[in-house]
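Heads up, the thing below is written out as structure tokens.
Here, each number is a calculation from the coordinates, and none is a lab measurement. Bear in mind the structure is a predicted one, so any value in this text is a computation, not a measurement. Here the Cβ is made from the backbone with ideal geometry for all residues, glycine too, and neighbour counts use every protein chain on show.
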Amino acid sequence: MDKSSLMAKTVEPNHPSLHRLAIMLTEVCNLACPYCYEHRDPEIFYNPDPHKRTMTEASVIDMLERAYKIWPRISTLFFFGGEPLLKRKLIRQICEVVEAGSIPGMGIKPKYAMITNATLLDEDAREMVLKYDFGLNISLDGPPVVNDLSRIDRHGHGTSSLSMQNLAKLRDAGGTYHIEATFSRFHLEAGVTVMDLMDYFNSEHGVRVLHAPWVSATPDNRYYLTDDEIVESYIPAIRYSLDNLRKGVPKVIFLVDHWLQVLKSYDPMARRAYCPAFFSDLSMNPAGDIYPCFMFNGYQYLKMGNVYDDQFFKTMNWSVGRAFQEAIFGPCDCPTEYQAFHSGCVGADRIATNSILAKPYCGVHTRLLEAFLEMLMEDSSTVPNSSFHAQTTKMGVL
Ligand code: SF4
């Protein structure tokens, strides 16, 4: 694809818009989760200039204004880190100028979102997220028996009790949130299954669709899971999800939710977007460098440009765009008829393979999808007249 047609697809100069701009307020985190890319690749993740590892009160609004000069319409400002609540003053500063409408050229008012480990979600932070109606994603890997193995502070101590206390107070104040759990060998060692996670997050946190992908890792990592371990862990959760839906219980694993959505809206002409990186989501780090997603922060060969480039689209590194065109819209190794079902995370794939073009989990995905389709078809005559049954019958899949 040539440069002009790629530009028209992604960042059309006349209507430049973004679904989500991740603002990496700081590269620093207060925790030391072993599988976080911050700790795995510190020499890449951290800017070599310590003054550029964190946005400042003096720089953050200037950087935001420059971002809006490039993309006047940003649907969501997504605060990211490190741990973004280490920089809550900057978050408030941004929310205040956005609410005041004082950013020149801001075409639409954005929503706010944040991913946080919740350990710093104190009264002040809770007031802020409620006031500005934040969409919150909480990084939590399960009940304390496993979360305290993976979500640890810099002294190796578990952080569950602090996160749980803060989240309970947020719920009491009427706040809601999503969970981002990472399933890994820690869970196998603690005897916690994916189904246990679904039950736990549903009963303790009100989560209906659990986003709990398996960890992306190379075999030398102690939290690595083999393909067989992944398949054996998720197939029972897929069955459990379908059983729940057949009983009218809205408690499902994200894979089933996604596959049902694909079936519901299946369009043979539609092009599958493997993930939103580059084409609708971008990330800006404390130095103002723009990447296709926060997952690639620090990888110079994946840097698109800098927010301080006055001619961003002219000077942008278009080889990144061409690579992501292939990664996002190119075929994967799943059988052709399954490719529409396979969404993924280019960032996670890169962690497992060191390439943004490799799709290491096609084999796992195919096995899980085939199991799901078989389960969907089996014993349909005994399915009660639930909304799930009505929906899937309408779709012609039962
Ligand atoms: S690389 Fe992963 S985290 Fe980034 S946009 Fe794609 S799916 Fe989301």
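A few comments on the model shown:
- Residues whose placed amide H lies under 5 Å from that of SER17, excluding near-sequence neighbours: GLU12
- Between region 92-113 and region 145-165, the alpha-carbon centres lie 34 Å apart.
- Considering only the Cα atoms of region 112-151, their convex hull presents on average a projected area of 2.9 nm².
- Dipole-positive endmost among ASN117, ALA323, GLY305 within the chain (Cβ charges, Cα centre): GLY305
- Residue of VAL209, VAL97, VAL194 that the Gaussian network model of the chain assigns the largest fluctuation, springs spanning Cα pairs under 10 Å: VAL97
- In Å, descending, principal axis extents of the Cα set of the chain: 63, 50, 43
- Here the 3J(HN,Hα) profile of region 56-73, calculated from phi with Karplus coefficients 6.51, -1.76 and 1.60 at θ = phi - 60°, is 10, 4, 6, 9, 5, 6, 4, 5, 5, 4, 5, 4, 5, 5, 7, 10, x, 10 Hz, Gly and Pro shown as x.
- 23 Å Cα-Cα threshold exceeded, pairs from LYS52/LYS359; LYS89/LYS111; LYS69/LYS111; LYS52/LYS131; LYS109/LYS169: LYS52/LYS359; LYS52/LYS131; LYS109/LYS169
- Taking a straight line from the alpha carbon of LYS314, these aspartates and glutamates sit under 18 Å away, with near neighbours fewer than eight places off in the same chain left out: ASP2, GLU12, ASP289.
- With both residues required to sit in region 3-394, DSSP beta bridges show an antiparallel share near 20%.
- 0 to 90° range, to nearest 10: angle between helix 88-99 axis and the chain longest Cα axis: 80
- Relative to the Cα centre, the charge distribution of region 94-149, modelled as +1 at Lys and Arg Cβ and -1 at Asp and Glu Cβ, gives a dipole magnitude of about 320 debye.
- Put simply, the amide H of TRP214, placed in the peptide plane, has neighbours under 5 Å in PHE183, leaving out anything fewer than 5 places away on its chain.
- Taking the longest Cα principal axis of the chain as reference, the axis of helix 194-205 is set at about 60 degrees.
- Computed helical MRE - 222 nm, the chain, DSSP H runs ≥ 4 contributing -39500 (n - 2.57), nearest 500: -12000 deg cm²/dmol
- Amide H contacts of GLY135 (H built 1.01 Å from N, under 5 Å, at least 5 apart or other chain): TYR112, ALA113, MET114
- Column: log10 I(q)/I(0), Debye, Cα scatterers of region 137-209, q = 0.23, 0.27, 0.28 Å⁻¹: -1.08, -1.36, -1.42
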